[in-house]
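The values are calculated or read from the model by the stated rules, or taken from the named source; none is laboratory data. For clarity, every value in this text was computed on a predicted model and none was experimentally measured. Neighbour counts are summed over all protein chains in view; Cβ atoms, including those assigned to glycine, are modelled from backbone coordinates with ideal geometry. These accessible areas exclude ligands, DNA and RNA; they are computed on the full protein's heavy atoms, side chains included. Shrake-Rupley method; radii C 1.70, N 1.55, O 1.52, S 1.80 Å.
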Amino acid sequence: MNAPAQDQASEGKRRSGVLLAPFASLFHRQLDRLDTGIVVGALEVMTPDGRVRMLGGRAPGPAAVVDLRSWRALVRLATGGSGGWYEAWAKGEWASPDPVQLFALFSRNRASLADQARATGFSLLARRFWHWLRRNHRGGSRKNIAFHYDLGNDFYRPWLDASMTYSSALFADPAQSLEQGQAAKLEAMLARTATALGDEILEIGCGWGSFAELALGQGRRVHGITLSTEQKAWAEARTAGLEGARFSLTDYRDVTGTYDAVVSIEMAEAVGRAYWPAYAAAIARALKPGGHAALQIITFDDAMFDGYAANVDFIQTYIFPGGMLLSESGFREIAAAHGLAWRDQVNFGLDYADTLKRWRENFDAAVAAGALPAQFDARFIDLWRYYLMYCEGGFRGGGIDVIQMTLTKEG
């Protein structure tokens, strides 16, 4: 932790001692409820009043350690959910030698801990209102994509693999490199299109063009659409001279014409639940009869989805405004309603956990080497490190998953 954060932690302890110490028994009751909710795994907590408590420990699972430096962290958790818990971390009110294990523990115990990890009261109302303001209508989508992806190519380049692929790799073997895993994922997506030489593929959310480069190199034509000016410029530069390449700043709702196949790799999460029908309709309109759409999507546990959708979490608040992970069953229903048959599903959530770990290692190395652009301060860097750890823990705990599947246009 950097020096300013340490100073904040000390100040948090001081305020806690003066203002919140009389309420320590109430906070220990909150920890008692956490203890009851930890069905698998264990959490060792060092509390501000000098106690060490072991929560859970009833069955094997993730083992986490938290130094709770201020009772305020529990107030933020109770009122702000995962967003509040991040805010407490950023203020130095708690720390852990391995936050990934803590997030994996919460993910594994998501059903029994759900009520204690979601925003409540005024905090929830405020977060919902802010999330609604950033919903993905056409203008909102452009702003939201720019918020995340237009941080700049010089920000992403030092910690993604050489192909600039910002989605889960697919590892046949844990010993494979990140580059090998990403190449395997892209090949798998191209195979799902069932296209031949000269066929044209629409890629919804083309990223920095790694899939397009592969498909063009194997004789397909590609129209890649994005709302990110930074990504479009990179994709055009990397495919310059390859026949059949076309990229445009186009909203998926505005696509015209038909294609032999559609590819969309982890773009659906940026759509938002209210717009899933429009997204499925766009795929169906773009596909020729019998055509294949290859999708890679991130899903949230169906059994917990309604509670997740009613909340506003850390990711939606700080990382992906307007975003929402998908309900597999909900999106499958919508796809079917648009004449799209769901085929050949493959789940590989632990591969995403490994991808995120490798990104974080690259990210930390880039920070240590001073390779990130100078405008990104320590607070921003810490936010992104937290984001990478948070997501890795979610996949390791099973609360979120990533799948590939093929949607086939019937008729």
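Here are the numbers for the structure shown:
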{"quantity": "Restricting region 357-385 to residues that are among the aromatic types (Phe, Trp, Tyr) and in a helix (DSSP H, G or I), the residue that is nearest to Phe395 (Cα to Cα)", "calculated": "Trp359"}
{"quantity": "Wholly enclosed helices (runs of 4 or more DSSP H) of region 227-319 bearing at least 1 residues surrounded by fewer than 20 Cβ atoms within 10 Å (Cβ to Cβ) and not aromatic (Phe, Trp, Tyr)", "calculated": "229-238, 276-286, 305-310"}
{"quantity": "Residue satisfying all of: in region 391-408; in contact with an Asp or Glu (Cβ under 9 Å, 6 or more places away or on another chain) and under 30 Å from Tyr259 (Cα atoms); surrounded by the most Cβ atoms within 10 Å (Cβ to Cβ) among these", "calculated": "Val402"}
{"quantity": "Selected residue (only one of Val40, Val45 is closer than 16 Å to Ser70 by Cβ, at pLDDT 65 or above and surrounded by 14 or more Cβ atoms within 10 Å (Cβ to Cβ))", "calculated": "Val45"}
{"quantity": "Qualifying residue in region 306-317 (condition: more than 30 Å from Pro97 (Cβ to Cβ), of a type in the set (Asp, Glu) and modelled with pLDDT of 95 or more)", "calculated": "no"}
{"quantity": "Lone unmet requirement of (1) part of a helix (DSSP H, G or I); (2) surrounded by 17 or more Cβ atoms within 10 Å (Cβ to Cβ) for Ser167", "calculated": "(1)"}
{"quantity": "Within region 62-85, tally of residues that are of a type outside the set (S, T, N, Q) and open to solvent by 20 Å² or more (accessible area, probe 1.4 Å)", "calculated": "9"}
{"quantity": "Which numbered condition Ser16 fails, given (1) surrounded by fewer than 17 Cβ atoms within 10 Å (Cβ to Cβ); (2) at pLDDT below 90; (3) not aliphatic (A, V, I, L, M)", "calculated": "(1)"}
{"quantity": "Complete set of residues in region 323-347 that are assigned to a strand (DSSP E or B) and crowded, with 18+ Cβ neighbours inside 10 Å", "calculated": "Leu326, Leu340"}
{"quantity": "Which numbered condition Glu266 fails, given (1) on the phi > 0 side of the Ramachandran plot; (2) charged (D, E, K, R); (3) at pLDDT below 95", "calculated": "(3)"}
{"quantity": "Checking Gly411 against (1) open to solvent by 50 Å² or more (accessible area, probe 1.4 Å); (2) at pLDDT 95 or above; (3) not hydrophobic (A, V, I, L, M, F, W, C), the condition it does not meet", "calculated": "(2)"}
{"quantity": "Top-ranked residue of region 200-226 - restricted to ones that are more than 25 Å from the chain's Cα centre (by Cα) and in a helix (DSSP H, G or I), ranked as nearest to Val263 (Cα to Cα)", "calculated": "Ala215"}
{"quantity": "Tabulated pairs, region 247-267, first charged (D, E, K, R), second part of a helix (DSSP H, G or I) and open to solvent by less than 40 Å² (accessible area, probe 1.4 Å), C-beta under 8 angstrom, 6+ apart or interchain", "calculated": "Asp251/Ser141; Arg253/Ala278; Arg253/Ala282; Asp260/Thr193"}
{"quantity": "Test result for Leu388, outside any helix (DSSP H, G or I), at pLDDT 95 or above and surrounded by 16 or more Cβ atoms within 10 Å (Cβ to Cβ)", "calculated": "no"}
{"quantity": "Single unsatisfied condition, Asn136 versus (1) in contact with a Phe, Trp or Tyr (Cβ under 6 Å, 6 or more places away or on another chain); (2) at pLDDT 95 or above", "calculated": "(2)"}
